[in-house]
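Inspection log for the structure reproduced underneath, given as structure tokens.
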Amino acid sequence: MRIILLGPPGSGKGTQAQLLVQRYGIVQLSTGEMLRAAVAAATPIGLKAKEIMANGGLVPDDVVVGIISDRIDQPDAKAGFILDGFPRTVPQAEALDELLKHKHLKLDAVIELRVNESALLQRVETRVAQMRERGEEVRVDDTPEVLTKRLASYRSLTEPLIHYYSERRKLSTIDGMMTIDEVTRAIHRLLLALGAVEPKTHAKSTAKSAARKGAKKAAKVARKSAKSAKKAAKSAGKASKKAAKGAKKPAKKAVKKAAKKAVKKTAKKVPKRGPKKVTKKRAKR
Ligand code: AMP
């Protein structure tokens, strides 16, 4: 499965991408994360991107397209990926189309998380507070001033992608103002409807319940036959074994016949005792 998550900063792309990774075993390709790692490692790309990122601008298209192209070729991306934060401009989207075509890969969906701009600042503030609580390093671009710039760049450069993908019948929009769980469920429903994922969880539980039912039935049959075998053995005694061995008729019938014979024989041997009593005693053995 290959999908793009589209939405302004703070719309929940990163959160949803991580949940999709856990659920479907695909990888999250976040250009923002990759660039931050490059900055931290002071690679040539990192050195180029550092200032731009700190100011809320966009890193040149060729740089991010190159990063993504290499990343898609990694073995862990073979099962599928979620693009988070890429593409961010129409030229990036065109470059992505080209490189996917070249690699013989297809996009399953572009999911736009639509949110009220007024909620975004609050969301980013919450994210910052949570990161501080966890003792994590806070992003340098998660300040109200830089966020305003990032939002402006989203509006002018990234929002046109909504039109770009809707024209190509790839776009699906989900209300990003719902709770995290609700958004996750909506994404799952959408992917099911698009045929991008198998209804695995349902299939699994059906198979499980069928197996459980089968096992129950088998146990019942086994219990029943054990019970009747015990009964037959009890009433037939040793004679039943003999009879069962040589019997051409079904075992059950043979056992019954042998039991009757054994009972008669014993009754004849002990004439003093009442035949009924002897029968009982013999039969009990
Ligand atoms: P993000 O983590 O997606 O919010 O990205 C953080 C920053 O990395 C952005 O503000 C940009 O400076 C840079 N960046 C991430 N992805 C891209 C991209 N696709 N194109 C250009 N710049 C990007």
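Residues in the range 153-184 that are without any contact (Cβ under 8 Å) to a residue 12 or more places away in the chain, over 21 Å from MET1 (Cβ atoms) and of a type in the set (Gly, Ala, Ser): SER156 alone.
Hey, among the residues in the range 65-95 that are small (Gly, Ala, Ser) and assigned to a loop (DSSP other than H, G, I, E, B), which one's nearest to the ligand (Cβ to nearest atom)? Talk me through it step by step, then tell me what you get.
From the range 65-95, those small (Gly, Ala, Ser) are 66, 69, 77, 79-80, 85, 93, 95; that's our starting set.
Checking the rest, the ones that are also assigned to a loop (DSSP other than H, G, I, E, B) come to 79-80, 85.
Details: ALA79: 22, GLY80: 19, GLY85: 3 Å.
Here the answer is GLY85.
Step by step: first the residues of the range 103-150, then only those that are more than 22 Å from ALA40 (Cβ to Cβ) and in a loop (DSSP other than H, G, I, E, B), then the one that is farthest from the chain's Cα centre (by Cα). Which residue is that? The extreme case among them is ASN116. If only residues of the range 37-54 that are within 12 Å of the ligand (Cβ to nearest atom) and within 25 Å of VAL21 (Cβ to Cβ) are counted, the one that is surrounded by the fewest Cβ atoms within 10 Å (Cβ to Cβ) is ALA37. Only one of the numbered conditions (1) within 11 Å of the ligand (Cβ to nearest atom); (2) acidic (Asp, Glu); (3) in contact (Cβ under 8 Å) with a residue 60 or more places away in the chain is not met by ASP62, and that is (3).
Can you find even one residue in the range 96-115 that is within 11 Å of the ligand (Cβ to nearest atom) and β-branched (Val, Ile, Thr)? Spell out how you get there, then give the answer.
Just the residues of the range 96-115 that are within 11 Å of the ligand (Cβ to nearest atom), to begin with: 96.
Then keep just the ones that are β-branched (Val, Ile, Thr); that gives none.
No: the range 96-115 contains no residue that is within 11 Å of the ligand (Cβ to nearest atom) and β-branched (Val, Ile, Thr).
Being part of a helix (DSSP H, G or I) and more than 11 Å from the ligand (Cβ to nearest atom) is the filter here, so list the residues in the range 13-36 that pass it.
Pass one, the range 13-36, residues part of a helix (DSSP H, G or I): 13-24, 31-36.
Those that are part of a helix (DSSP H, G or I) and more than 11 Å from the ligand (Cβ to nearest atom): THR15, GLN16, GLN18, LEU19, LEU20, VAL21, GLN22, ARG23, TYR24.
Restricting GLY57, GLY10 to those that are under 26 Å from the mean Cα position of the chain (by Cα) and either surrounded by fewer than 19 Cβ atoms within 10 Å (Cβ to Cβ) or in contact (Cβ under 8 Å) with a residue 12 or more places away in the chain (or both) reduces the list to GLY10.
Just to be sure, is GLU159 closer than 21 Å to GLU117 by Cα and either at pLDDT 95 or above or among the basic types (Lys, Arg) (or both)? For GLU159, the condition - closer than 21 Å to GLU117 by Cα and either at pLDDT 95 or above or among the basic types (Lys, Arg) (or both) - is met.
The values are calculated or read from the model by the stated rules, or taken from the named source; none is laboratory data. Every value quoted in this text rests on a predicted model; they were computed, and no experiment measured them. Glycine also receives a Cβ, built like all others from the backbone with ideal geometry; neighbour counts cover every protein chain displayed.
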